[in-house]
1. Kindly evaluate Thr116 against the criterion of being closer than 19 Å to Leu58 by Cβ, at pLDDT 95 or above and open to solvent by less than 20 Å² (accessible area, probe 1.4 Å).
2. Taking the condition at pLDDT 95 or above and surrounded by 15 or more Cβ atoms within 10 Å (Cβ to Cβ), does Val86 pass?
3. For segment 81-88, does any single residue satisfy the condition of being outside any helix (DSSP H, G or I) and among the small types (Gly, Ala, Ser)?
4. Take Leu58 and decide whether it is farther than 20 Å from Gly109 by Cα and either open to solvent by 60 Å² or more (accessible area, probe 1.4 Å) or in contact with an Asp or Glu (Cβ under 6 Å, 6 or more places away or on another chain) (or both).
5. Restricting to segment 120-161, name every residue that is of a type in the set (A, V, I, L, M) and closer than 19 Å to Phe100 by Cα.
6. Checking the condition within 30 Å of Tyr124 (Cα to Cα), part of a helix (DSSP H, G or I) and modelled with pLDDT of 95 or more, which residue from Phe103, Phe49, Phe45, Phe20 passes?
7. How about segment 101-127: which of its residues are aliphatic (A, V, I, L, M) and touching a residue at least 12 places away in the same chain (Cβ under 8 Å)?
8. Is it the case that Ile143 is within 17 Å of Ile198 (Cα to Cα), touching a residue at least 60 places away in the same chain (Cβ under 8 Å) and either open to solvent by 60 Å² or more (accessible area, probe 1.4 Å) or assigned to a loop (DSSP other than H, G, I, E, B) (or both)?
Amino acid sequence: MIDTFIDFWSSISFVDIIEFLGTCAFAISGIRMASAKSVDWFGAFVVGFVTATGGGTLRDLLLSETPFWMLSSVYIWCTVLALFSVIMFSKQLVRLNNTFLWFDSIGLGLFVVVGTEKTIALGYPFWVVIIMATITGVVGGMIRDILINEIPAIFRQEWYALACIFGVFIYYFLDFLGLDDVIVQVSTAIAVFVIRLIATHYRLGLPTLKNEV
């Protein structure tokens, strides 16, 4: 058992760690949002899990890969950890302002990096990388919002998908400068996180399409 645990941690990369952290962050955001709908624990787990894995699942299917969460149970355990974290610290999370925004933005930044890295590793061109990184970042949240009967955030929040697109450009630029991979990955995740927060704070967004007669 101990040897298996050691082998597991010795085989993971920094991108894997980013994916684990992103899974926890997105799961917490989904569970926190589901709690506002008074769902039971199982319902909250389902919402958290699809929030954390929905985007990556669609990405992998489009790239003809086995969905990442089917290759290891760690993503289920990340969601379980997120569920019990919300249960144990629910009062503190409720008192914190913008809890959902913070965790959702953290997950968005981390998952943009994961989507970018995986698509590049498979040899796809730049424009495909942009699409796959955006899918990785936003689709899980879309499924979450549909499940809890909300308008998907990508259609109503400031620069949600655009933050992902900017993140890919930042990733390529930093990589072009020849920076270390870890610096590129961390900087990209932070940049997406900051862009999302700034856009939300200043209500930066695209023009709304209106049905004018």
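1. Taking the combined requirement at face value, the residue satisfies it.
2. no
3. No, every residue in segment 81-88 fails to be outside any helix (DSSP H, G or I) and among the small types (Gly, Ala, Ser).
4. Here the answer is no, as Leu58 does not meet what is asked.
5. Hits for segment 120-161 are Val138, Val139, Met142, Ile143, Ile146, Leu147, Ile148, Ile151, Ala153, Ile154, Ala161.
6. Only one candidate passes the filter, namely Phe49.
7. Leu101, Ile106, Leu108, Leu110, Val112, Val113, Val114, Leu122 - these are the residues of segment 101-127 that are aliphatic (A, V, I, L, M) and touching a residue at least 12 places away in the same chain (Cβ under 8 Å).
8. Considered against the rule, which asks whether it is within 17 Å of Ile198 (Cα to Cα), touching a residue at least 60 places away in the same chain (Cβ under 8 Å) and either open to solvent by 60 Å² or more (accessible area, probe 1.4 Å) or assigned to a loop (DSSP other than H, G, I, E, B) (or both), Ile143 comes out as no.
The values are calculated or read from the model by the stated rules, or taken from the named source; none is laboratory data. Computed from a predicted structure; not experimentally measured. Quick reminder, even Gly has a Cβ in these numbers, built from the backbone with ideal geometry, and neighbours come from all protein chains shown. Accessible surface is based on the protein model in full, side chains and every heavy atom, while ligands, DNA and RNA are left aside. Shrake-Rupley method; radii C 1.70, N 1.55, O 1.52, S 1.80 Å.
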